[in-house]
Amino acid sequence: MPKTYRRLYDQIYDFEHLLAAYRRARRGKRSRPDVAAFEFRYEDELLRLHDELRTGSYQPGAYRRFYAVENGKRRVISAAPFRDRVVHHALCALIEPIWESRFIYDSYASRPGKGVHAALKRAQHFARGQRYALQLDVREFFPSIDHAVLRGLLARHIADARLIDLIDRILAGGAGELIEVYTPVYFPGDDLFAVNRPRGLPIGNQTSQFWANVLLHPLDLFIKQDLGCRAYVRYCDDLLLFADDKPTLHRWREQAIAFAATLRLTLHENRAQVAPVETGLPFLGWHVFPYRLRLKRRNVLAFVRRFRRLRARYAAGRCTLDDIGRRLQGWLGHARQGNTLGLRRSLLRKPLLRRGSRPKAAVQFKL
């Protein structure tokens with residue numbers, strides 16, 4: 001029997017707990033109008049959240065939708081009202097520790113001490129010790145997440161009815177946000193009404209990132225324990241399995257596809273190919289080779305376009321050198337993770353022109 005946790009709910013509306021959640025939710029976003037408005041009266045707002053959560057009258061608000069391009073993909077982003085994001089942080093702070101000790105070591109998305117760069121280094125480490133790799137990813141992952149399956153996994157360890165009710169409200173509040181980007185899939189045993197099952201998590205929610213790990217945790221365990229794949233890396237719904245021979249990986253491919261279906265998830269079968277590690281593995285915007293990392297061409301082109309826009313904004317007096325410096329240093333910090341010195345030098349060799357009739361000046365960066 002898995003260990004279950006009771007009497008958790010009273011902790012979520014504790015004022016100090018909400019205050020800490022509010023501080024995490026506002027980090028890096030204090031200049032946004034909705035965050036600034038909440039911050040102006042944050043004590044009153046937190047007391048109102050405290051009362052609503054304590055009495056059970058809390059209801060999530062409507063989402064604001066917009067589009068963003070990430071790794072060449074256009075995604076629908078649904079942003080919850082800031083007060084709801086405070087609740088999301090409060091909920092995750094309460095229940096994430098229950099799963100953190102259960103997650104496998106080589107799951108790298110939205111976890112403390114992990115991240116993209118750690119996942120890349122781990123993938124490169126495995127590429128040095130194995131000859132072949134199998135790359136898997138989930139088709140329409142966030143839109144396809146089935147609420148009943150996710151809720152069942154959460155309820156295995158949470159036996160607090162009031163907390164489960166709050167989770168249900170958050171799930172219901174985000175249901176339908178991604179419905180138009182979901183292609184209906186029927187699994188064995190489904191009837192015609194299965195297409196109406198509640199599904200989908202809004203991309204961008206703190207809860208969505210955590211719940212994605214909860215949902216894929218059984219798949220992680222299946223790959224590690226049942227298949228016996230010791231060299232395995234997952235970042236969100238991108239999976240890499242390594243082995244020394246092709247037949248093993250082909251067998252694992254079919255078994256992983258079948259197991260994912262038990263979670264009501266479908267893997268991209270046409271993209272699930274076995275490849276030699278020496279040819280480079282496309283992973284998280286990079287090409288991973290055993291002894292080098294190369295940025296994907298589309299990521300370089302995306303940076304070039306952003307850099308041109310920054311130069312134009314500076315020339316028009318719409319931003320400062322400090323603004324440009326902060327943005328460029330962020331990208332340079334990412335690019336420095338791989339073998340990109342020549343690329344960085346070539347991209348940043350042109351000086352930035354000062355506005356008006358002042359002389360030319362270049363911004364100095366650590367390449």
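Can you find a residue in region 285-307 that is among the aliphatic types (A, V, I, L, M), closer than 22 Å to Leu134 by Cα and surrounded by fewer than 17 Cβ atoms within 10 Å (Cβ to Cβ)? No, the conditions are met nowhere in region 285-307.
Here Leu94 fits the description: touching a His at 6+ places or on another chain (Cβ under 9 Å) and not polar (S, T, N, Q). Can you say whether Ser78 is open to solvent by less than 40 Å² (accessible area, probe 1.4 Å), under 28 Å from Arg48 (Cβ atoms), within 17 Å of the chain's Cα centre (by Cα) and polar (S, T, N, Q), as far as the supplied structure shows? Here the answer is yes, as Ser78 does meet what is asked. Among the residues making up region 308-329, those that are open to solvent by less than 50 Å² (accessible area, probe 1.4 Å) and among the small types (Gly, Ala, Ser) are Gly317, Gly325.
Listed by first and then second residue, the pairs with beta-carbon distance under 7 Å, at least 6 apart or on different chains, first residue in region 246-264 and on the phi < 0 side of the Ramachandran plot and surrounded by fewer than 19 Cβ atoms within 10 Å (Cβ to Cβ), second in a helix (DSSP H, G or I) and aliphatic (A, V, I, L, M), are Phe259/Leu219. Scoring Arg294 on the criteria (1) outside any strand (DSSP E or B); (2) of a type in the set (D, E, K, R); (3) in contact (Cβ under 8 Å) with a residue 12 or more places away in the chain; (4) more than 30 Å from Leu201 (Cα to Cα) leaves a single failure, condition (1).
Suppose we filter Ala275, Ala260 for residues that are among the aliphatic types (A, V, I, L, M) and either more than 20 Å from Lys121 (Cα to Cα) or touching a Gly at 6+ places or on another chain (Cβ under 9 Å) (or both); which single one remains? On inspection, the qualifying residue turns out to be Ala260. At least 2 residues being among the acidic types (Asp, Glu) is the threshold, and among the helices (runs of 4 or more DSSP H) wholly inside region 138-245 those reaching it are 161-174. In this structure, is Arg128 surrounded by fewer than 16 Cβ atoms within 10 Å (Cβ to Cβ), assigned to a loop (DSSP other than H, G, I, E, B) and either at positive phi or of a type outside the set (Phe, Trp, Tyr) (or both)? In short, no. In region 20-43, which residue that is open to solvent by 80 Å² or more (accessible area, probe 1.4 Å) and in a helix (DSSP H, G or I) is nearest to Asp84 (Cα to Cα)? Going through the qualifying residues, I end up with Arg23.
Return the only residue of Glu269, Glu278 being surrounded by fewer than 16 Cβ atoms within 10 Å (Cβ to Cβ), among the acidic types (Asp, Glu) and more than 26 Å from the chain's Cα centre (by Cα). Matching residue, one of Glu269, Glu278: Glu278.
Listed here are the residues, each with its yes/no results for (1) among the acidic types (Asp, Glu); (2) open to solvent by less than 30 Å² (accessible area, probe 1.4 Å); (3) in contact (Cβ under 8 Å) with a residue 60 or more places away in the chain.
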{"residue": "Val87", "(1), (2), (3)": "no, yes, yes"}
{"residue": "Gly115", "(1), (2), (3)": "no, yes, no"}
{"residue": "Leu134", "(1), (2), (3)": "no, yes, yes"}
{"residue": "Asp146", "(1), (2), (3)": "yes, yes, yes"}
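Of the residues screened, Leu241 is one that is in contact (Cβ under 8 Å) with a residue 12 or more places away in the chain, within 25 Å of the chain's Cα centre (by Cα) and crowded, with 21+ Cβ neighbours inside 10 Å. If you go through region 203-238 and keep only what is touching a Cys at 6+ places or on another chain (Cβ under 6 Å) and open to solvent by 20 Å² or more (accessible area, probe 1.4 Å), you end up with just Gln206.
Residue by residue, here is whether (1) among the small types (Gly, Ala, Ser); (2) touching a strand residue (DSSP E or B) at 6+ places or on another chain (Cβ under 8 Å); (3) over 21 Å from Gln225 (Cβ atoms); (4) in a helix (DSSP H, G or I) holds:
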{"site": "Arg75", "(1), (2), (3), (4)": "no, yes, yes, no"}
{"site": "Ala90", "(1), (2), (3), (4)": "yes, no, yes, yes"}
{"site": "Leu94", "(1), (2), (3), (4)": "no, no, yes, yes"}
{"site": "Pro97", "(1), (2), (3), (4)": "no, no, yes, yes"}
{"site": "Arg102", "(1), (2), (3), (4)": "no, no, no, no"}
{"site": "Pro112", "(1), (2), (3), (4)": "no, no, yes, no"}
{"site": "His117", "(1), (2), (3), (4)": "no, no, yes, yes"}
{"site": "Lys121", "(1), (2), (3), (4)": "no, no, yes, yes"}
{"site": "Leu134", "(1), (2), (3), (4)": "no, yes, no, no"}
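The values are calculated or read from the model by the stated rules, or taken from the named source; none is laboratory data. Since this is a predicted model, take the numbers as computed values, not measurements. Virtual Cβ from ideal backbone geometry, glycine too; neighbours counted across all protein chains shown. Note: accessible area is taken over every heavy atom of the protein model, side chains too, but ligands, DNA and RNA are not part of it. Shrake-Rupley method; radii C 1.70, N 1.55, O 1.52, S 1.80 Å.
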